[in-house]
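A short write-up of the structure that comes next.
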């Protein structure tokens, strides 16, 4: 609720339904998902979710990141240690169900010992790899993450023999509940604090993150202007409301 650039954004409802409902419905359409739960720290969000028949669980407002919040939610609803959980951001009303499925598959089908999975995409026209608000990821040859950063990587030398494309990180994660519990017990790390990226805690503690590649053209909503652009796209796709 307390988004700095767009307070209360998950309840914005210019489409006739709150943003969180769009996210909930998209997640529900993913083939690999059996249950969708909104983890929130505000009664207004929980009430909105209940109003459209969704499931919400209240969490502490003191969590430093989404993984910590979801770990509490998993304890509250009593998930087993082996359950696979997908962390979908509540400000992604246009997330494609296939992206969620790809994230799950990257974890459960990995043969190289991945503890966590996420998704990356190539950049598209109009997207700036140098924008620090767009997180970049570098992958190993086996598809695991080498590093996540707000800086532009890789650096492209003019005389380079080969050009590796920059990859933008899509902020979705899949992990088993036991991994979440281990995460919240890990000491926050220097690179995590420097870049303000929670996934670096996994890497700095030696855990492996599998990175699925998808062509993703959607993004989260950070400002009122971005929300209005989403509303315009939604209305164009749904002329009858």
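The values are calculated or read from the model by the stated rules, or taken from the named source; none is laboratory data. Remember, predicted model here, so these are calculated numbers, not experimental data. Note that we place each Cβ from the backbone using ideal geometry, even for glycine, and neighbour counts take in every protein chain shown.
With 45, 20, 70 as the choices, which residue is touching a strand residue (DSSP E or B) at 6+ places or on another chain (Cβ under 9 Å), in a helix (DSSP H, G or I) and within 17 Å of residue 176 (Cβ to Cβ)?
On the way: 45 fails: within 17 Å of residue 176 (Cβ to Cβ); 20 fails: within 17 Å of residue 176 (Cβ to Cβ).
It is 70.
Considering 227, 207, 183, which residue is in contact with a helix residue (DSSP H, G or I) (Cβ under 9 Å, 6 or more places away or on another chain), in contact (Cβ under 8 Å) with a residue 40 or more places away in the chain and within 17 Å of residue 15 (Cα to Cα)?
227
Taking segment 84-180 as the region of interest, the strands (runs of 3 or more DSSP E) fully inside it that hold 1 or more residues being in contact (Cβ under 8 Å) with a residue 12 or more places away in the chain, touching a helix residue (DSSP H, G or I) at 6+ places or on another chain (Cβ under 8 Å) and surrounded by 18 or more Cβ atoms within 10 Å (Cβ to Cβ) are 84-88, 116-122, 145-149, 167-176.
Return yes or no: is residue 189 at pLDDT 95 or above and surrounded by fewer than 13 Cβ atoms within 10 Å (Cβ to Cβ)?
Values: at pLDDT 95 or above: yes; surrounded by fewer than 13 Cβ atoms within 10 Å (Cβ to Cβ): no.
It is false that residue 189 is at pLDDT 95 or above and surrounded by fewer than 13 Cβ atoms within 10 Å (Cβ to Cβ).
Taking the criterion of being part of a loop (DSSP other than H, G, I, E, B) and either closer than 29 Å to residue 140 by Cβ or in contact with a helix residue (DSSP H, G or I) (Cβ under 6 Å, 6 or more places away or on another chain) (or both), the residues of segment 73-83 that qualify are 79, 81, 82, 83.
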